[in-house]
1. Can you name the residue in the range 203-234 that is within 22 Å of Arg183 (Cα to Cα) and among the acidic types (Asp, Glu) and is also nearest to the chain's Cα centre (by Cα) among such residues?
2. Give me the pairs, please: first residue somewhere in the range 276-302 and on the phi > 0 side of the Ramachandran plot, second residue anywhere and outside any loop (DSSP other than H, G, I, E, B), beta-carbon distance under 6 Å, and either six or more positions apart or on two chains.
3. Working carefully through the options Ala315, Ala320, find the one that is outside any loop (DSSP other than H, G, I, E, B) and surrounded by fewer than 19 Cβ atoms within 10 Å (Cβ to Cβ).
4. Among (1) surrounded by fewer than 18 Cβ atoms within 10 Å (Cβ to Cβ); (2) without any contact (Cβ under 8 Å) to a residue 60 or more places away in the chain, where does Arg164 come up short?
Amino acid sequence: MSHEPSRATVTQTREHAILTAAKRDGKTYTSALHILSTRPEIDAIAFDEAMDRVYGTEDAAATVTTSGATEPQAGTDRPAVDGAKLISTPPPEPDAILPQAVDRGDKVAIIGGAKSRKTFFLLNMALCLSSGMGFLCWELMRNFRVLFLNLEIRDAHFHRRLHRMATALKITPAHLGDRLAIRNLRGHKFDAVAVGEWAAEHRADVIIIDPLYRCHDGDENLAKDVKPILRAFDVLAEHCSATVIYTHHDAKGSPGDRDTRDRGAGSNVLARDYDAAFTLTEHQTEDDTLVVKALLRNYPPIDPFSITFHNGAFAESGAAPVAKSGTIRTSHWQQQVKDLCEREPTLSRRQAAKKLGCSTGIIQRYWYGDSDNA
């Protein structure tokens, strides 16, 4: 049976809200007024629950909306900074997570196609960050406290992946200590306020969210549906002083043919929002190998590199970083086939296709060697 508060109850709630918030500080008072303005018929019990969440995050600037998501305020409480003072003092050193790529407080996207091992990549990163072990090409300055939100994989399968990867990386419980906290949330609604509370409780340096599409119910192609979750990530990054890392899927088609700036499905506000993005693309010729490209807002570009998935974990590969493409020009293949034919004219079509990483149809179209083998 639904409860419809009387006008007296609403009035009492407003008086209660003003008195309660005024005892704390102006920012909390603003949060209280925001709740009342967005939920005018709220009763006293529901109001107290909403305010408890504001108190619990220790973040008076984050307000609670009817959907349970956090929103940044307009910044009216932040004073102006004197430009002369800024240029007369040296800037502080960034708190690097991945040196020369990702800093504390950044928002980071990991973008790849379906089944491109994005979750494995995040697990690998989480284990390395929390243990202090170097991650791929990055030597870490220290270990970090990591909160991992698994929104997609069933608990048992996630456990199996984590166990196998830790074994492959030779990471033990002693290496991790209490620094890696995992929340298995498949089947549960994403709640940014709760995430803020968990991050504060864990004292997280890094919040990993896998995947993005499980964080909202709207259409990822519409900016108005995507912006609220990106604003929530802003609040988590800013007020929890944590790096927010999430996975996002590629659009249909061949991702290797796209510019890195165009990777990722949905609204283009996603591509403009993150501070860093790492794209994972299937290698042109090597099995179990991905090409990693980085797009960085605050640092110089990083050369693409290849990684291989072996025995449950990633490692750098010596393979040239050549991503699989679906629309390589005919003239390219014609030249490649011609060169191979001149070097090894007795190869079968199947052997030639394997060497070049293309279909046997392309070989058949341009091959003029001596072999008629399949």
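1. Within the range 203-234, the match that is nearest to the chain's Cα centre (by Cα) is Asp210.
2. Between residues of the range 276-302 that are on the phi > 0 side of the Ramachandran plot and residues that are outside any loop (DSSP other than H, G, I, E, B), the close pairs are Asp288/Thr308; Asp288/Phe309.
3. Ala315
4. Here Arg164 meets the rest and fails (2).
Conditions tested, residue by residue: (1) among the aromatic types (Phe, Trp, Tyr); (2) at pLDDT 90 or above; (3) farther than 18 Å from Gly105 by Cα; (4) buried (at least 18 other Cβ atoms within 10 Å of the Cβ).
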residue	(1), (2), (3), (4)
Val195	no, yes, no, yes
Glu201	no, yes, no, no
Asp217	no, no, yes, no
Val226	no, no, yes, yes
Ile229	no, no, no, yes
Glu238	no, no, no, no
Ala251	no, no, yes, no
Ala271	no, no, no, yes
Leu280	no, yes, yes, yes
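Residues checked against (1) small (Gly, Ala, Ser); (2) part of a helix (DSSP H, G or I); (3) exposed (fewer than 12 other Cβ atoms within 10 Å of the Cβ); (4) not assigned by TED's automatic domain parsing to the domain that holds Leu169:
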| position | (1), (2), (3), (4) |
| --- | --- |
| Glu286 | no, no, no, no |
| Ile302 | no, no, no, no |
| Phe309 | no, no, no, no |
| Ser325 | yes, no, no, yes |
| Gln336 | no, yes, no, yes |
| Pro345 | no, no, no, yes |
| Gln351 | no, yes, no, yes |
| Lys355 | no, yes, no, yes |
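The values are calculated or read from the model by the stated rules, or taken from the named source; none is laboratory data. Being a predicted model, the structure only gives us computed values, none of them experimental. Note that each Cβ is placed from the backbone with ideal geometry, even for glycine, and that neighbours are counted across all protein chains shown.
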